[in-house]
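One structure is given here, and the rest of the page talks about it.
None of the figures in this text is laboratory data; all of them are computed from the coordinates on show. Since the model is a prediction, treat every value here as computed from it, not as a measurement. Glycine gets a Cβ as well: all are built from the backbone with ideal geometry, and neighbour counts include every protein chain shown.
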């Protein structure tokens, strides 16, 4: 995906096993989609909790946060419950979302990539950020949304 592209028309199951369609957010609110390797790992937990700790700021900007990994809906449910994560987690077992968003693997293909996408209310990609550093994703996404609001 490149800047200006419309969010893919894709349906995945959330942590409550409910079907989620990205296109349902278009025209409703801006949103951040972040891909991460695995629930309960140190870096991924740190990243998820950083989005949790700033979730109200995202909400105040009229934006939703969505985390995606290949973990099961049951794993996402446990992960979000254990760390009190208030936003949406989607299960991408078949890598349909990773392929649609063109998220590449990291570390010589050994780990699923860690990448964040920021979409405007119109569903168009404003910014794409790729880094294995878990701590950089939330502030980058928040900064882009703040600039977009002004």
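Taking label points 7 Å from Cα along the Cα-to-Cβ direction, residue 2 and residue 83 give a separation of 3.3 nm. Above 16 Å, the calculated P(r) of the range 20-97 contains 48 percent of its Cα-Cα pairs.
Comparing Cα centroids, the range 1-18 and the range 23-57 end up 13 angstrom apart. The mean sequence separation of alpha-carbon pairs under 8 Å and at least six residues apart, normalised by the residue count of the chain, gives a relative contact order of 32 percent. Working from the Cα coordinates of the chain, the gyration tensor eigenvalues give, after taking √(5λ), semi-axes of 20, 17, 16 Å in decreasing order.
Based on DSSP H segments of at least four residues, each scored -39500 (n - 2.57), the chain has a per-residue ellipticity at 222 nm of -8500 deg cm²/dmol.
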